[in-house]
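The structure appears right after this line, and notes come after that.
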Amino acid sequence: MKIILLFLAMSLVVFTGLYAKWLLLLALPFVILWLYNYQQKKHSILRNFPLMGYGRWLMESIRPYVRQYFIESDTDGTPINRMFRSIVYQRAKNVQDTVAFGTKVDVYRTGDEWMGQKVAQGGSPS
């Protein structure tokens with residue numbers, strides 16, 4: 001905190017020209033954002049690498065739109081597809097990790113195997 005205040009004080013002394021106020025006005029939001037990220041404890045990537053962290057979140061937010069035209073689906077990834085990787089991320093963050101109402105996998109494609117349940121014991125399935 002003292003370093004930032006010292007930096008701001010030095011910038012006011014050095015940049016006493018006409019553009020000093022504009023430069024300070026442009027730099028102040030970034031300094032406030034840096035202070036917020038430096039003091040928060042929830043996301044370590046934002047604390048250590050704030051630009052990369054916000055860039056990652058931006059890329060994750062526009063991912064469905066990019067993937068729709070250029071990249072593979074949720075079930076085509078190797079070695080671990082996006083569907084299972086997102087479940088691992090959700091469990092690591094202790095948030096809800098269930099997806100309701102079935103599966104995203106096409107169970108009717110050729111070569112897909114499945115096993116049906118029996119309601120009662122005995123007899124052969126028909």
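Things worth noting here:
- Residues 21, 42 arranged by fewest to most Cβ contacts within 10 Å: 42, 21
- Ranked 109, 67, criterion: other C-beta atoms within 10 Å, fewest first: 109, 67
A short reminder: the numbers here are calculations on the coordinates, not readings from a lab. Source: prediction; values computed, not measured. Neighbour counts are summed over all protein chains in view; Cβ atoms, including those assigned to glycine, are modelled from backbone coordinates with ideal geometry.
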